[in-house]
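So the structure is just underneath, and the comments pick up after that.
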Amino acid sequence: MNTIKSLSKFLTKYFTFFVILVALLAIFIPGPGTTLATTKVGTLSAVSILLMIVLFGMGITLTPNDFKRVARNPLQVILGTIAHYVIMPFIAFLLVHLFGLTGAAAVGVILVGSAPSGTSSNVMSFLSGGDVALDVSIGLLSTLLAPVMIPTLLKLLAGKWVNVPFSSMFFSAFQIVVIPIVLGIIVHTIFKEHVQKVIEIMPLISQVAILVIILAVLSANSKTILAVSTLILVPVIILHNLLGYLLGYGFSKLMKMDTPQQKAITFEVGMQDSALASTLAISFFEPASAIAAVMFSVWHNISGSVLASLWKNHTEKAPD
């Protein structure tokens with residue numbers, strides 16, 4: 001078990017490096033990832049099952065105390081979730097029109113903007129000295145709302161480029177997102193301390209699953225990822241993420257939150273669940289619409305790590 005913990009810490013520390021390594025592998029040796037991207041188990045794709053494992057891992061770590069914490073201070077959680085679902089879709093929509101994106105590229109960017117906050121934000125909030133409890137609470141609420149928010153925002157913001165199958169996307173997102181989380185909570189509630197060993201290995205399993213999802217989605221788009229028409233997404237993704245941080249931070253300052261809460265809100269607004277976005281893109285739209293999500297996954301791990309490090313160093317150097 002100690003070996004697994006050490007491996008998990010190592011992977012967490014160098015996760016950005018492994019994301020870049022997997023991305024390069026997918027581009028230059030796409031065969032294995034492409035096979036995985038097209039594999040189905042029953043009605044579910046292999047990528048969907050991997051994401052369900054990640055979200056089950058999220059659910060199994062939750063206890064009734066987590067929900068009590070949300071109930072004790074619901075306003076900040078609600079405000080953070082609203083900020084996330086207003087700021088990121090708005091920025092995505094604005095950038096799509098500013099850069100003249102259409103079709104799969106536009107749908108992909110707006111899909112990323114419509115996704116809930118990513119699990120990476122929890123790590124970055126922790127590393128920066130942010131309010132992790134607030135971060136996790138917003139992440140949980142935004143994820144549980146995803147089956148409704150994603151198809152609603154897509155229909156509103158991307159309906160002119162693609163037909164959004166609202167009911168199908170709702171039930172698919174519910175199946176992929178809500179059911180694994182609820183099952184995880186049930187398992188934890190029933191077995192309590194007996195699941196501790198499972199909880200300890202879930203971060204490692206989740207990280208590996210996310211890397212494999214990136215490999216599959218990027219491999220499926222390896223022929224177009226370096227095309228000139230695709231590279232225009234690079235500045236869009238970078239701006240989307242950085243503006244999310246900036247506006248999230250500005251919102252938290254406006255709401256007069258303290259410094260740890262400002263850090264949590266900044267990461268919760270600016271970091272998206274790109275694994276969910278790419279999974280839904282492959283399931284409902286053409287594969288090229290998943291490229292933006294994979295690019296976002298690579299970039300936000302880099303930017304998040306840098307921001308967390310700068311914030312942590314600034315806090316440590318600040319006078320008492």
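Before moving on, here are some points about what is shown:
- With N counted as the residues of segment 222-282, its alpha-carbon radius of gyration over 2.2 N^0.38 Å works out to 1.45.
- Relative contact order computed over segment 171-274 (Cα-Cα under 8 Å; 6+ residues apart), in percent: 18
- CD proxy at 222 nm, helix term only [per DSSP H run n ≥ 4: -39500 (n - 2.57); per residue of the chain; nearest 500]: -26000 deg cm²/dmol
- The Rg/Rh ratio for segment 248-320 is 1.14, where Rg is the radius of gyration of the alpha carbons and Rh is the Kirkwood radius.
- Maximal additional length on extending the Ile82-Leu44 stretch stands at 10.6 nm, based on 0.36 nm per residue less the C-alpha distance.
- Residues with amide H under 5 Å from that of Gln272, placed H, sequence gap 5 or more: Gly118
- Sorting 298-311, 257-270, 139-152 by average packing, meaning the other beta carbons within 10 Å per residue, from highest down gives 257-270, 139-152, 298-311.
- If the convex hull is drawn through the Cα atoms of the chain, its volume per residue in Å³: 139
- Segment 103-169: mean projected area of Cα convex hull, nm²: 4.9
- Summed over the residues of the chain and divided among them, the accessible surface reaches 45 Å² per residue at a probe radius of 1.4 Å.
- In sequence order, segment 92-103 has phi-based couplings of 4, 4, 5, 5, 4, 6, 5, 9, x, 6, 9, x Hz under the Karplus curve 6.51 cos²θ - 1.76 cosθ + 1.60, θ = phi - 60°, and Gly or Pro positions carry x.
- Our coupling estimate for segment 170-175, obtained by passing each phi through the Karplus curve with A = 6.51, B = -1.76, C = 1.60 and θ = phi - 60°, is 4, 5, 5, 5, 5, 5 Hz, Gly and Pro reported as x.
The values are calculated or read from the model by the stated rules, or taken from the named source; none is laboratory data. Only a predicted model underlies this, so the values are computations on that prediction, with no experimental measurement involved. Backbone-built Cβ (ideal geometry, glycine too); neighbour counts: all protein chains shown. The protein model used for the area step is the full one, side chains on, heavy atoms only, and it has no ligands, DNA or RNA in it. Shrake-Rupley method; radii C 1.70, N 1.55, O 1.52, S 1.80 Å.
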